[in-house]
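Read the structure below first, then the notes.
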Amino acid sequence: MSKHPETKAIRIQTARTEQKEHSTPLFLTSSFTYDSAEEMAAAFADDSLEVNMYSRFSNPTVDEFINKMAALEETEDGVATATGMAAIFSTFMTFLSKGDHIISASAIFGSTHTILTKYLPKWGIEHSYFNLNQPESIAALIKPNTKMLYLETPSNPGLDIIDIEFVSALCKKHNILFVVDNCFATPAVQQPIKYGADLVLHSATKFIDGQGRMLGGVVVGKKELINPLYLFVRNTGPSLSPFNAWVLSKSLETLFIRMDKHADNALKIAKGLQDNPKINWVKYPFLENHPQYKIARKQMTNGGGIVTFEIKGGIESSRQFLNALQIISMTSNLGDSRSIASHPASTTHSKLTEEERNAVGITAGLIRISVGLEHAEDILNDILQALEK
Ligand SMILES: Cc1ncc(COP(=O)(O)O)c(C=O)c1O
């Protein structure tokens, strides 16, 4: 296999069947058969046998998707899940026990915040939040029972960025498992394991599918970490459907060219909005005025596909803006070929209190644009005309 990830994303494929198909086959089956009663008994007796038994445990199409993701993140193995949240929850459940402590960035996806604050305490797992913009504050939060450090970079929707290498050095020193949600960047733009992360996870629902068709999740890392996670998913059941895995694996074939175009368009939109009098500011990782621009340039190959800005006039102006859009869709997803505008304060992050939202920069006027693959001029013009209105 080539050393180039672009080629791996296209050429890693389930072994060709006797039908000699060119495109990858889809193994849409719940279970697998055996040639003898002895073979069947052996498969069930030994968990470590690499034999397909039941698609909650493993499936060749799901394995293809996992193998591609592990290769793109430059690591050994992975587990695929039905959603990004299942990937996150399964990771917490596998590696955290009663009495443990997790340190998390405060700027995280709304449902992840709900798991940390509402569900983990039910099992006696406590958390501390740190500000992604203050990495030097992490050390003081470490306790003898700290088992995991969790963050997103760039964060959703604040686009805050942290130096992955700095955090990983701290985690290694204190023997803390370092988990990165790499959903906003994708491995085409950033590979956290290269900078020392232990596990990388994704909502594959976003740029990995890239066309807003389905839900999926994946966690990748060293085999010794993936094995207990695999057993958790195999036994508790948030497994990825083979059909979704097939679509996601086909999507990975175009991930690199899509991410280049998303980023190219996003940079044009961000630059086109920079001096607009209707907004207070625009934020994009590869704009030189981004507070962590240097770190973004170090660990990302481009700025990704998300641009945020703050409209003057708060909630009322935000609503008027969204209602005036003509091309850009109003929906809460991101990472689609179609550009999407959303208002995080009243949607994805509405479960946070106003104080919590303000602390992570989700103000009433914040608009998040997931920049799609349409012509950049059409996207920018739609934003500009809606701002005028
Ligand atoms: C950064 C991030 N992580 C996780 C998730 C959850 O993923 P899913 O909706 O696939 O469960 C999302 C969804 O928006 C997200 O943006």
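Using a probe radius of 1.4 Å on heavy atoms only, what accessible surface per residue do you get for the chain? Whole Å² is fine.
44
Show that you can apply the helix-only estimate: for the chain, add -39,500 (n - 2.57) for every DSSP H stretch of four or more residues, divide by all residues, and state [θ] at 222 nm to the nearest 500.
-10500 deg cm²/dmol
Skipping prolines and chain starts, which residues have an amide H placed within reach, meaning under 5 Å, of the one on V218, given they are 5 or more residues away or on another chain?
T81, H202, A204
What's the ranking of 181-188, 224-231 by average number of surrounding C-beta atoms within 10 Å, highest first?
With the highest mean Cβ count within 10 Å placed first, the list reads 181-188, 224-231.
Please report the net charge: other residues with Cβ closer than 13 Å to the Cβ of L120, K and R +1, D and E -1.
+2
Rank Y195, Y284, Y129 by accessible area, highest first, at a 1.4 Å probe radius?
Sorted descending by solvent-accessible area, the residues read Y129, Y195, Y284.
Of all accessible surface on the stretch 116-213 at a 1.4 Å probe, what whole percent is carbon and sulfur?
After summing per-atom areas, the C and S share lands at 51 percent.
Take the chain, connect every pair of alpha-carbon atoms lying under 10 Å apart with a spring to form a Gaussian network, then pick out the residue of D378, D209, D160 with the largest mean-square fluctuation.
D378
Evaluate the distance, in nm, between pseudo-label points positioned 7 Å from the Cα of L141 and of K20 along their respective Cα→Cβ axes.
In this crude spin-label approximation the distance works out to 5.8 nm.
Which angle from 0 to 90°, rounded to the nearest 10, does the C-alpha axis of helix 255-273 make with the longest principal axis of the chain?
On a 0 to 90 degree scale, this one is about 10.
Report W123's accessible area, 1.4 Å probe, all protein chains in place, as a number in Å² to the nearest 10.
110
Out of the DSSP beta bridges found with both residues in the stretch 1-153, what percent are antiparallel (nearest 5)?
Among the beta bridges of the stretch 1-153, antiparallel pairing accounts for roughly 10 percent.
What relative contact order, as a whole-number percentage, does the stretch 40-172 give when Cα pairs under 8 Å and 6 or more residues apart are counted?
Over the stretch 40-172, the number comes to 21 percent.
If you line up the long axis of helix 223-236 against the longest principal axis of the chain, both from Cα atoms, how many degrees apart are they, to the nearest 10?
Once rounded, the angle reads 90 degrees.
Pop out the ³J(HN,Hα) list for the stretch 42-53 in order, Karplus 6.51 cos²θ - 1.76 cosθ + 1.60 with θ = phi - 60°, rounded to Hz; leave Gly and Pro as x.
5, 4, 7, 6, 10, 4, 8, 5, 8, 10, 6, 10
What fraction of the DSSP beta bridges in the chain is antiparallel, stated in percent and rounded to the nearest 5?
Roughly 55 percent of the DSSP beta bridges within the chain come out antiparallel.
Of S350, V219, L252, which is farthest towards the positive pole of the chain's charge dipole, taken about the Cα centre with +1 and -1 on the beta-carbons of Lys, Arg and Asp, Glu respectively?
Sorting the options by dipole projection puts first S350.
At 1.4 Å probe size, put M93, M300 in order of accessible surface, largest to smallest.
M93, M300
Which cross-chain or sequence-distant (5 or more) residues have an amide H under 5 Å from the amide H of S128, H modelled 1.01 Å from N in plane?
Counting only residues 5 or more places away or on other chains, the set is I102, I103, S104.
How far is the Cα center of the stretch 222-283 from the Cα center of the stretch 10-88, in Å?
Here the two parts' Cα centres lie 22 Å apart.
Run the quick spin-label model on K172 and E288: label points 7 Å from Cα toward the beta carbon, then report their separation in nm to one decimal.
Taking the simple label geometry, K172 and E288 are separated by 3.4 nm.
Per-residue HN-Hα couplings for the stretch 7-24, Karplus 6.51 cos²θ - 1.76 cosθ + 1.60 at θ = phi - 60°, whole Hz, x for Gly and Pro?
So the Karplus estimates, Gly and Pro as x, are 6, 4, 4, 9, 9, 5, 8, 3, 3, 4, 7, 5, 6, 6, 5, 8, 5, 5 Hz.
Using a basic spin-label model with each label point 7 Å from the Cα along Cα→Cβ, how many nm lie between K98 and K389?
With each label placed 7 Å out from Cα toward Cβ, I get 5.7 nm.
Which far-off residues, 5 or more places away or on another chain, put their amide H under 5 Å from the one on G212, with H placed in the peptide plane?
S337
For the chain, find the longest principal axis of its Cα atoms and tell me its angle to the long axis of helix 314-324, 0 to 90°, nearest 10.
Relative to the chain, helix 314-324 is tipped by roughly 70 degrees.
Mind listing the phi-derived Karplus ³J(HN,Hα) values for the stretch 165-174, rounded to whole Hz, using 6.51, -1.76 and 1.60 with θ = phi - 60°, and x for any glycine or proline?
Using θ = phi - 60°, the values come out as 5, 4, 5, 5, 4, 5, 5, 5, 4, 9 Hz.
Given a 1.4 angstrom probe, I'd like the percentage of the accessible area of the stretch 225-268 that is carbon and sulfur, rounded to a whole number.
Solvent-exposed carbon and sulfur of the stretch 225-268 make up 62 percent of the total.
The values are calculated or read from the model by the stated rules, or taken from the named source; none is laboratory data. Everything numeric here is computed off the predicted structure, so don't read it as measured data. Quick reminder, even Gly has a Cβ in these numbers, built from the backbone with ideal geometry, and neighbours come from all protein chains shown. Surface areas here come from the heavy atoms of the whole protein model, side chains and all, with no ligands, DNA or RNA. Shrake-Rupley method; radii C 1.70, N 1.55, O 1.52, S 1.80 Å.
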